[in-house]
Structures are given as C-alpha cells and as structure tokens.
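Student: Sending over a structure as structure tokens; questions will come in a sec.
The values are calculated or read from the model by the stated rules, or taken from the named source; none is laboratory data. A quick note: this is a predicted structure, and the numbers were derived from the prediction, not measured. For neighbour counting, all protein chains shown are included, and Cβ atoms are generated from backbone atoms with ideal geometry for every residue, glycine included.
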Amino acid sequence: MTPAPIAVALDAPDLETAARWAGLVTPHVSTVKVGLELYLRYGPDVIASVRGASGVRVFLDLKLHDIPNTVAGAARAVSRLRPAILTVHATGGPKMIRAAVEAAPHTQIASVTVLTSLGEADLAAIGLAGPADDAVRRLAAMSVEAGATALVCSPNEVAAVRAEVGPDITLITPGVRPAGADAQDQARVATPEQALADGADLLVIGRPITAAPDPGAAAASIAAALRRTTPS
C-alpha cells in the first residue's frame, strides 16, 4: 500500500520520542518532518534516528533566512544528511533562494511563503502587503523563478498558488487539521481532503497524529480517509 502524502511533524520533547513516533507512523505516511527545535537540540543525529531502518523521506524544516552566502553554507552543510526537502524563507529574496538551490543540488528546496500562523493584521504589522493570498502568490512566483521546486503555503492559498506556478512545483501545506480537530496556533487551516483537492502534494500534520493516544493508528486513519476520497 502506497504511503499517504503526509509529512508528520515530529515536534517531540526528546530524541527517543521523535524516533518512536517516526517508527509508528512510517508504514502509513511518506515523510517525517524535523523542525528547528529538535534539530537545534540534537543536531545531525536526529536525522539518522528518525529515518531509522525504513529509510523514510526526511523533511528538514529549518526555514533558513540569511544573506545568500550564509544560507549557501548552511544548505551545503545539511545536504550531507540527505534530507529529501529543506526549507528556506521566501522573504530572504531570490538570490538567497538560488544560493540554497545551487548549494544542495540533491535536496529539494522548499520556499516558505507566508507562515500559517500569520493573519491579515500580522501581515500589516510586518509591512508585507496583503491580503495573504496576494502576498503568497507574489512570493511563490518569485521563489520558482529563483529555482525553488517546492513551495510551502497554507491550504487557503494552495489553489491560487497552483494556478500561479503550474503542475510541476511541489506544494506543501501546513495548517492541515482533520475535521473537528483544534486549529491551535494555526490561523489558516483546512482538512486533509480539501487541501489535496485544492492541489496540495504533501500535507504537514503534527499534533492530530503525534498527540493521539496511538500515533500510528491516527496516521493510519487519516491515510485511509485520504485513500477513500482521492482518486488513485
């Protein structure tokens, strides 16, 4: 059975828990995501620990954002860990994005457009011209032109971004919550089924899976629901 197009966010309190969650969910999902906190606490060892014997795809979500030379060095340093995906911030600009792409040729560089925790008032406060879907589309087009082959956007903008960048760019959507789940700190959310229907390729899901009594069963349930509603 093909694993579901889900990246489980392993926002665990320690390495052992992250590795256990990864082992439980890997039969059901294609990818596990290591975020900034876990990577800073345990360093490169975390990648081998969560990859385990299964060889599951690892999404390294560091959201690099610095001058192009520094981002190139950072991307080159982590590329030896063979992550499938590495994130950078689109607001670092086209030269920075291109530097990451060139420094890590065997890793897919995903450009983060507008964080799913930001609402319209937040965009105004940081001086990013909104509304959110306009800002996301502008940053998406710029990122693809700079060489990014994946984009991170909320489910609310995924249809507009797909129309903007075409079929060949991987669209990754955080802010995905099964029906009835708490939105928590995400401002722009959708169900997994809706996000895929709108054009997403990879769904980032964290606490609805990892906070469940049995993360493996939760992952299996969401994966089964997607298979029922998505044409094969």
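Matching residues to (1) surrounded by fewer than 20 Cβ atoms within 10 Å (Cβ to Cβ); (2) out of contact with any Pro (no Cβ under 9 Å at 6 or more places or on another chain):
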residue: VAL101; (1), (2): no, yes
residue: VAL136; (1), (2): no, yes
residue: MET142; (1), (2): yes, no
residue: PRO155; (1), (2): no, no
residue: VAL161; (1), (2): no, yes
residue: GLY166; (1), (2): yes, yes
residue: ASP198; (1), (2): yes, no
residue: ALA217; (1), (2): yes, yes
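Student: Looking at the structure I just gave you, is LYS63 modelled with pLDDT of 95 or more and within 27 Å of ASN156 (Cα to Cα)?
Tutor: Against the criterion (modelled with pLDDT of 95 or more and within 27 Å of ASN156 (Cα to Cα)), LYS63 qualifies.
Student: Only residues in the range 39-61 that are closer than 19 Å to LEU24 by Cα count as the first member; pair them with residues that are assigned to a helix (DSSP H, G or I) and charged (D, E, K, R), Cβ under 9 angstrom, at least 6 apart or cross-chain, and list the lot.
Tutor: Note: pairs meeting the criteria are SER49/GLU16; ARG57/ARG51; VAL58/ARG51.
Student: If you check LEU118 against the conditions, is it among the hydrophobic types (A, V, I, L, M, F, W, C), touching a residue at least 12 places away in the same chain (Cβ under 8 Å), out of contact with any His (no Cβ under 6 Å at 6 or more places or on another chain) and surrounded by 18 or more Cβ atoms within 10 Å (Cβ to Cβ)? Full working, then the answer.
Tutor: On the way: among the hydrophobic types (A, V, I, L, M, F, W, C): yes; touching a residue at least 12 places away in the same chain (Cβ under 8 Å): yes; out of contact with any His (no Cβ under 6 Å at 6 or more places or on another chain): yes; surrounded by 18 or more Cβ atoms within 10 Å (Cβ to Cβ): yes.
For LEU118, the condition - among the hydrophobic types (A, V, I, L, M, F, W, C), touching a residue at least 12 places away in the same chain (Cβ under 8 Å), out of contact with any His (no Cβ under 6 Å at 6 or more places or on another chain) and surrounded by 18 or more Cβ atoms within 10 Å (Cβ to Cβ) - is met.
Student: Test LEU38 against the criterion of being under 12 Å from the mean Cα position of the chain (by Cα), closer than 20 Å to ARG207 by Cβ, buried (at least 22 other Cβ atoms within 10 Å of the Cβ) and of a type in the set (A, V, I, L, M), and give yes or no.
Tutor: Criteria not met by LEU38.
Student: So the check is Cβ under 6 Å with 6+ separation or different chains; which pairs have a first residue in the range 71-97 that's under 19 Å from VAL114 (Cα atoms) and a second one that's among the basic types (Lys, Arg)?
Tutor: Every condition considered, the pairs that remain are THR87/LYS63; HIS89/LYS63.
Student: Is it fair to say VAL32 is crowded, with 22+ Cβ neighbours inside 10 Å and either among the small types (Gly, Ala, Ser) or assigned to a helix (DSSP H, G or I) (or both)?
Tutor: no
Student: Taking the range 62-78 only, how many residues are under 15 Å from GLY43 (Cβ atoms) and either of a type in the set (Gly, Ala, Ser) or not in a helix (DSSP H, G or I) (or both)?
Tutor: So the count comes out to 3.
Student: Also, quick follow-up: For the range 20-40, which positions are touching a helix residue (DSSP H, G or I) at 6+ places or on another chain (Cβ under 8 Å) and not aliphatic (A, V, I, L, M)?
Tutor: TRP21, PRO27, HIS28, TYR39
Student: Follow-up question, since we're still on this one. Go through SER54, SER79 for me and flag whichever is surrounded by fewer than 22 Cβ atoms within 10 Å (Cβ to Cβ) and under 20 Å from LEU203 (Cβ atoms).
Tutor: Values: SER79 fails: under 20 Å from LEU203 (Cβ atoms).
Exactly one residue qualifies, and that residue is SER54.
Residue-wise test of (1) at pLDDT 95 or above; (2) within 11 Å of the chain's Cα centre (by Cα).
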{"position": "LEU171", "(1), (2)": "yes, yes"}
{"position": "ALA183", "(1), (2)": "no, no"}
{"position": "ALA190", "(1), (2)": "no, no"}
{"position": "GLU193", "(1), (2)": "no, no"}
{"position": "LEU202", "(1), (2)": "yes, yes"}
{"position": "GLY206", "(1), (2)": "no, yes"}
{"position": "THR210", "(1), (2)": "yes, no"}
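Student: Can you report the number of residues in the range 1-14 which are surrounded by 17 or more Cβ atoms within 10 Å (Cβ to Cβ) and more than 25 Å from ARG227 (Cα to Cα)?
Tutor: Adding up the residues that qualify gives 2.
Student: Quick one: how many residues across the range 13-27 are charged (D, E, K, R) and in a loop (DSSP other than H, G, I, E, B)?
Tutor: The qualifying residues number 1.
Student: Looking only at the range 84-138, count how many residues are among the hydrophobic types (A, V, I, L, M, F, W, C) and at pLDDT below 95. Before you say what the answer is, go through the steps one by one.
Tutor: Kept after step one, since they are among the hydrophobic types (A, V, I, L, M, F, W, C), are these residues of the range 84-138: 84-86, 88, 90, 96-97, 99-101, 103-104, 109-110, 112, 114-115, 118, 121, 123-126, 128-129, 132, 135-136.
Okay, now just the ones that are also at pLDDT below 95, so 114-115, 118, 121, 123-126, 128-129, 132, 135-136.
Of the residues in that region, 13 qualify.
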